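Undergrad: Pasting a structure below so you can have a look.
The values are calculated or read from the model by the stated rules, or taken from the named source; none is laboratory data. All figures in this text were calculated on a predicted structure; none of them were measured in a lab. FYI the Cβ positions are ideal-geometry reconstructions off the backbone, even for glycines, and counts take in every protein chain you see. Only protein heavy atoms, including side chains, enter the accessible area calculation; ligands, DNA and RNA are left aside. Shrake-Rupley method; radii C 1.70, N 1.55, O 1.52, S 1.80 Å.
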Amino acid sequence: MKRPRIVITGIGGICGLGTDVPSIWDAMRAGRSAIGPLANTALHDLKIRVGAEIKELPDHGIERKQLVAMDRFSVLAVIAAKEAMRQSGLTIDETNTHRVGAIVGVGICGWEAIEESYRAILLEGKSRAGIFTVPKVMPGAAAGQVSMSLGLRGPVFGVTSACSSSNHALATAMDQLLLGRADAVVAGGTDAPLVWGVIKGWEALRVVSPDTCRPFSADRQGLVLGEGAGMVVLETYEHATGRGATILAELAGTGMSGDASDIVAPTVEGPTAAMRACLLDAGLSPEDVDYINAHGTGTKANDQIETTAIRRVFGAHADKLSVSSTKSMHAHCLGASGALELIACVMAVREGIVPPTANYREVDADCDLDVTPNVARQRQVRVAISNSFAFGGTNAVVAVKAV
C-alpha cells in the first residue's frame with residue numbers, strides 16, 4: 001500500500017536576515033550575511049562579540065496577556081507560525097481544530113527568563129523569581145504558545161535534540177500525519193540563545209569564531225550563534241488538494257540516526273546513516289538529489305566529516321551536487337537552524353536557485369565538494385536535502401521534492 005504524500009503549504013521565518021520568508025530568501029540569494037557585532041545583548045565580560053541577531057521584532061499582534069508569559073524563543077516561533085499559516089490559507093474552526101497540531105523543536109529553552117531570574121535574585125536581592133518563569137522557560141512552551149495563538153487542538157508538543165531539533169520536529173510531524181492522528185501540523189524550530197549565560201557556555205567550548213562563519217573554507221575558525229525561528233504547515237496531499245491549497249513542495253522523507261560515540265565529537269558513520277535512511281524513506285536514489293543544504297557549521301571537524309559522509313553516500317554523484325551552508329549568513333540558530341535551512345531548500349526547489357556559502361575565501365582539500373562559494377547559482381533543483389547533526393550524536397535529515 002502506497003503511503004500518503006506529505007506536502008508543504010505554508011512557510012514562515014524570522015532571523016537576522018529578515019523578519020519574514022521573502023526578506024530571508026532575498027538575503028540568502030544575495031549571499032548577504034547577518035553576522036555582525038551584537039547590539040541587543042548585555043555583553044559584560046564576554047569574549048564573543050559577534051552573532052546574527054534580530055535587531056527589531058516586527059509588529060506581531062500577540063496580546064499582552066499572552067506575551068507576559070512568553071520568552072523570546074516562543075515569541076519568534078509564534079511570529080513564524082503565523083506567517084506560515086497565512087500563506088497556507090488554512091482556516092481553523094470547530095470543525096478541524098482537533099485535527100491540526102503544532103510540533104516545535106527547541107535546542108535550549110527560555111534562557112532569557114532564566115537569566116532575568118538569576119540577576120533579580122543574586123544581584124538585585126529580590127526574594128523570588130518572576131511568576132511566569134516556569135511557563136516561559138520550559139522547552140515545550142513554544143509549541144503550546146503556537147497552538148494557543150492559532151487555535152490548534154491536535155497533537156501539540158515540543159521536541160528537543162540540540163541542533164537537530166527542527167528536523168526531528170519535522171520528522172515527528174510527518175509521522176503524526178502518516179499515522180492519521182492529524183490532517184495538518186505546524187512544525188519547525190526556534191531558539192534565542194543570544195543571552196549572556198548561553199554565550200558564556202559556548203565561549204568555554206572554544207568552537208566559536210571571533211569574526212564570522214566560513215563553512216568549508218580552509219581558514220574557517222568556528223561557528224557563530226544566531227537567533228530565529230522557522231515554521232512550515234505540513235498536510236497530507238489529499239487534505240491540501242481537497243481544500244484547494246497551493247502546494248509549495250513535498251516533504252518526501254526523513255532519516256535519523258545516533259552516533260552512540262561522543263557527546264560533542266561527531267562521527268562519519270552517524271551522518272552517513274541518517275542521509276542513507278532519508279533517501280530510503282523518500283524512495284530516492286543518490287542521483288535524484290541536486291542540492292544539499294549542509295549542516296556546515298564552520299568548525300574544522302564538522303565540515304571535514306560532513307564532506308566525507310556526503311562522498312560515502314553519494315559516491316561519484318557527489319561531484320555533481322550543489323552544496324551550501326546558509327549558516328554562513330543566518331549563523332547557527334541551534335534548534336531553529338534546520339527549519340531556516342528548510343526555507344532555503346523549499347525556495348531552491350521552487351525557483352531553481354542554490355543559495356551560496358557566504359564568506360568563503362580559501363579552498364580546503366578536505367572539503368572538496370562544490371560548496372557554491374559566495375554567489376548563488378541557477379540550476380534545476382528537483383530534490384534538496386537538509387542535514388542537521390547535533391551534540392549528543394543525534395542526526396536528522398529531511399528531503400524536499402518539487403511537485
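Here's the yes/no breakdown for (1) within 18 Å of the chain's Cα centre (by Cα); (2) closer than 25 Å to LEU123 by Cβ; (3) open to solvent by 40 Å² or more (accessible area, probe 1.4 Å); (4) at pLDDT 95 or above:
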site: LEU17; (1), (2), (3), (4): yes, no, no, yes
site: ASP20; (1), (2), (3), (4): yes, no, yes, yes
site: TRP25; (1), (2), (3), (4): yes, no, no, yes
site: ASN40; (1), (2), (3), (4): no, yes, yes, no
site: ASP45; (1), (2), (3), (4): no, yes, yes, no
site: ALA52; (1), (2), (3), (4): yes, no, no, yes
site: ASP59; (1), (2), (3), (4): no, no, yes, no
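Undergrad: Looking at (1) buried (at least 16 other Cβ atoms within 10 Å of the Cβ); (2) part of a helix (DSSP H, G or I); (3) not hydroxyl-bearing (Ser, Thr, Tyr), can you tell me which one GLN66 breaks?
TA: The single condition GLN66 does not satisfy is (1).
Undergrad: Additional query: Sort through GLY101, GLY105, GLY154 and tell me the only one that's in contact with a strand residue (DSSP E or B) (Cβ under 6 Å, 6 or more places away or on another chain) and part of a loop (DSSP other than H, G, I, E, B).
TA: GLY154
Undergrad: Which residue is surrounded by the most Cβ atoms within 10 Å (Cβ to Cβ), if the candidates are limited to region 329-339 and must be in contact with a Lys or Arg (Cβ under 9 Å, 6 or more places away or on another chain) and in a helix (DSSP H, G or I)?
TA: In this case the residue turns out to be SER337.
Yes/no per residue for (1) in a helix (DSSP H, G or I); (2) open to solvent by 10 Å² or more (accessible area, probe 1.4 Å); (3) basic (Lys, Arg):
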{"residue": "VAL313", "(1), (2), (3)": "yes, yes, no"}
{"residue": "GLU341", "(1), (2), (3)": "yes, no, no"}
{"residue": "VAL346", "(1), (2), (3)": "yes, no, no"}
{"residue": "VAL349", "(1), (2), (3)": "yes, yes, no"}
{"residue": "GLU362", "(1), (2), (3)": "no, yes, no"}
{"residue": "ALA384", "(1), (2), (3)": "no, no, no"}
{"residue": "VAL397", "(1), (2), (3)": "no, no, no"}
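Undergrad: Just to be sure, is ALA402 buried (at least 23 other Cβ atoms within 10 Å of the Cβ), at pLDDT 95 or above and in contact with a strand residue (DSSP E or B) (Cβ under 9 Å, 6 or more places away or on another chain)?
TA: For ALA402, the condition - buried (at least 23 other Cβ atoms within 10 Å of the Cβ), at pLDDT 95 or above and in contact with a strand residue (DSSP E or B) (Cβ under 9 Å, 6 or more places away or on another chain) - is not met.
Undergrad: Looking for whichever is within 17 Å of the chain's Cα centre (by Cα), open to solvent by less than 20 Å² (accessible area, probe 1.4 Å) and among the hydroxyl-bearing types (Ser, Thr, Tyr) here; the options are THR307, THR326. Which one fits?
TA: Answer to the check: THR326.
Undergrad: So VAL375 fits all but one of (1) open to solvent by 30 Å² or more (accessible area, probe 1.4 Å); (2) within 20 Å of THR299 (Cα to Cα); what number is the exception?
TA: (2)
Undergrad: Among the candidates VAL50, VAL68, which residue alone is out of contact with any Cys (no Cβ under 8 Å at 6 or more places or on another chain), hydrophobic (A, V, I, L, M, F, W, C), touching a residue at least 60 places away in the same chain (Cβ under 8 Å) and within 24 Å of ASN374 (Cα to Cα)? Lay out the reasoning, then the answer.
TA: Working: VAL68 fails: within 24 Å of ASN374 (Cα to Cα).
Matching residue, one of VAL50, VAL68: VAL50.
Undergrad: Right, here's the next one. Find the residue count for region 157-167, including only residues that are in contact with a Pro (Cβ under 6 Å, 6 or more places away or on another chain) and assigned to a loop (DSSP other than H, G, I, E, B).
TA: Qualifying residue count, region 157-167: 1.
Undergrad: Restricting to region 121-142, what's the tally of residues that are among the hydrophobic types (A, V, I, L, M, F, W, C), touching a Ser or Thr at 6+ places or on another chain (Cβ under 9 Å) and assigned to a helix (DSSP H, G or I)?
TA: 4
Undergrad: Let me ask something else about it. Which of the residues spanning region 6-40 are in a helix (DSSP H, G or I), over 16 Å from GLY188 (Cβ atoms) and touching a residue at least 40 places away in the same chain (Cβ under 8 Å)?
TA: Those that are in a helix (DSSP H, G or I), over 16 Å from GLY188 (Cβ atoms) and touching a residue at least 40 places away in the same chain (Cβ under 8 Å): ALA27, MET28, ARG29, ALA30.
Undergrad: For the structure I just gave you, tell me whether VAL195 is touching an Asp or Glu at 6+ places or on another chain (Cβ under 7 Å), of a type in the set (Val, Ile, Thr), open to solvent by 10 Å² or more (accessible area, probe 1.4 Å) and under 21 Å from ALA162 (Cβ atoms).
TA: Here the answer is yes, as VAL195 does meet what is asked.
Undergrad: Out of VAL264, VAL268, report the one residue that is surrounded by fewer than 19 Cβ atoms within 10 Å (Cβ to Cβ) and either touching a Lys or Arg at 6+ places or on another chain (Cβ under 8 Å) or among the basic types (Lys, Arg) (or both).
TA: VAL268
Undergrad: Scan region 386-395 for residues that are surrounded by 20 or more Cβ atoms within 10 Å (Cβ to Cβ) and either of a type outside the set (S, T, N, Q) or assigned to a loop (DSSP other than H, G, I, E, B) (or both) and jot them down.
TA: PHE389, ALA390, GLY393
Undergrad: Give the residues of region 99-123 that are touching a residue at least 24 places away in the same chain (Cβ under 8 Å), out of contact with any Asp or Glu (no Cβ under 9 Å at 6 or more places or on another chain) and open to solvent by less than 70 Å² (accessible area, probe 1.4 Å), sorted by residue number.
TA: GLY101, ALA102, ILE103, VAL104, GLU115
Undergrad: ALA84 - would you say it is open to solvent by less than 10 Å² (accessible area, probe 1.4 Å) and assigned to a helix (DSSP H, G or I)? Break it down into steps so the answer makes sense when it comes.
TA: Values: open to solvent by less than 10 Å² (accessible area, probe 1.4 Å): yes; assigned to a helix (DSSP H, G or I): yes.
The answer is yes for ALA84.
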